[in-house]
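The values are calculated or read from the model by the stated rules, or taken from the named source; none is laboratory data. Everything quoted here is computed from the prediction, not taken from an experiment. Neighbour counts are summed over all protein chains in view; Cβ atoms, including those assigned to glycine, are modelled from backbone coordinates with ideal geometry. For the accessible areas, the whole protein counts, side chains as well, though only heavy atoms, and no ligand, DNA or RNA atoms are used. Shrake-Rupley method; radii C 1.70, N 1.55, O 1.52, S 1.80 Å.
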Amino acid sequence: MTGTIRPPVLDKERADDHPLSRLKLIRWSDFSLVPVILVLMVIGFIVSPVFLTSNNLISVVQQSSELSLLVLGQALILICGRMDLSLESTIGIAPVIAMWMVLPSEGGRFAGLDLLPVWMAIPACLLVGMIVGVVNGFLMLKLRVNGFIATLGMLTMLRGLQIGITEGKSITDVPESFRYLGKTDWLGAPAAVWICLALFAIGGASLAWLRHGRSLYAIGGNPEAARAAGIRVDRITWIVLAIGGVLAAFAGILYTGHYGSVAATQGNGWIFQVFAAAVIGGISLKGGRGTLFGALTGVLTLQLVVNVMTLGGVPALWNQFLNGAIIIVALVISRFASGEKQD
């Protein structure tokens, strides 16, 4: 008599199908930054009474929206056990290529190719982001190139491509669809904020309730065990990388619409803030651990720190130093809290 041995991961997934067992995915450690945010708000009120005004708080969450989309994409990729440095270039190059394709070749400050109608600007931008993610996946999963080096090369190449297309100038002829998403308000708050909250909610629900979403933790924790359990590791990882590129491109749409132009250096240096927010939000650099709620609180913490410093009269030139210091402190705390070495 022969029997079938069910892979252990599938057994665990069957156990996790019970509604009560899914509550185990909610951990108190995911709320570890909530007290920090409350303390920052008290400090902000003491530093300046302007801090707690609705205009200032709305400005903070609006400025957080574009960064949070990059963090959302990076968090999914990190949970899957990979990383993508090229997200910071995608936020700039995707809108540039989209506008290059739709803007007229004559009569404007920036000469486009006039290949597509203007209404295609947003789909074209999202398609560029997806293509970048797909190419990154091809390099990592098919050619087995080191992910850090591959995406670092992609970051540099895309940055050079953006400078080459724009000749180092800013593009101010922004399509109206970009401006609408970047500047309009829904229910008293910027539309970008509602969209970001919705995307985080969808992403969090997918990780907690969908089988393919939960498989990201299995892949990030032990890809060989996940593959032995029947999970299509390469396919899911490839899809996650493509989603990360689409989210970065969408962040480019919101940022371009918000400020009404694409700067030649748009996104430059953002990847450090992305990793800072993800790390202090509890996302493991080794994969398989962390939540999107924690990543979101990481973004809010960074933006509140910058806002309090600005209201306190600290020059913006110190922001980069502060982000680096936050990453180091977060890594040290994570090292001793988890008891795991971070090679």
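So in the stretch 162-216, with the set limited to residues that are within 27 Å of ILE231 (Cα to Cα) and basic (Lys, Arg), which one is farthest from the chain's Cα centre (by Cα)? My answer is ARG211.
Quick check: is even one residue across the stretch 285-304 in contact with a Lys or Arg (Cβ under 8 Å, 6 or more places away or on another chain), of a type in the set (Gly, Ala, Ser) and farther than 30 Å from VAL174 by Cβ? Taking every residue of the stretch 285-304 in turn, at least one turns out to be in contact with a Lys or Arg (Cβ under 8 Å, 6 or more places away or on another chain), of a type in the set (Gly, Ala, Ser) and farther than 30 Å from VAL174 by Cβ.
The sole residue among LEU302, LEU331, LEU296 that is in contact with a helix residue (DSSP H, G or I) (Cβ under 8 Å, 6 or more places away or on another chain), in a helix (DSSP H, G or I), open to solvent by 20 Å² or more (accessible area, probe 1.4 Å) and at pLDDT 80 or above is LEU296.
Yes or no, residue by residue, for (1) of a type in the set (Gly, Ala, Ser); (2) surrounded by fewer than 23 Cβ atoms within 10 Å (Cβ to Cβ); (3) closer than 27 Å to ALA277 by Cα:
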| position | (1), (2), (3) |
| --- | --- |
| LEU69 | no, no, yes |
| SER86 | yes, no, yes |
| VAL132 | no, no, yes |
| PHE148 | no, yes, yes |
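For the stretch 39-95, residues that are assigned to a loop (DSSP other than H, G, I, E, B), farther than 30 Å from THR237 by Cβ and among the hydroxyl-bearing types (Ser, Thr, Tyr) total 2.
Among the residues making up the stretch 177-220, a single one is in contact with a strand residue (DSSP E or B) (Cβ under 9 Å, 6 or more places away or on another chain), surrounded by fewer than 16 Cβ atoms within 10 Å (Cβ to Cβ) and of a type outside the set (S, T, N, Q): TRP194. For the stretch 14-21, the count of residues that are at pLDDT 85 or above, open to solvent by 10 Å² or more (accessible area, probe 1.4 Å), closer than 19 Å to ALA208 by Cβ and assigned to a helix (DSSP H, G or I) is zero. Contact annotation: residue pairs with Cβ atoms under 7 Å, 6 or more positions apart or on different chains, pairing a residue in the stretch 55-77 that is more than 14 Å from ALA189 (Cβ to Cβ) with a partner that is open to solvent by less than 50 Å² (accessible area, probe 1.4 Å) and among the acidic types (Asp, Glu), are GLN74/ASP84; ILE77/ASP84. Among residues of the stretch 279-298 that are under 14 Å from TYR217 (Cβ atoms), those with a Cβ under 9 angstrom from a residue that is of a type in the set (D, E, K, R) and open to solvent by less than 30 Å² (accessible area, probe 1.4 Å), sequence gap 6+ or separate chain, pair up as GLY282/ASP30; GLY290/ASP30; THR291/ASP30; GLY294/ASP30.
Among residues of the stretch 158-175 being free of Cβ contacts under 8 Å to residues at least 12 places away in the same chain and assigned to a helix (DSSP H, G or I), the one that is surrounded by the fewest Cβ atoms within 10 Å (Cβ to Cβ) is GLY164.
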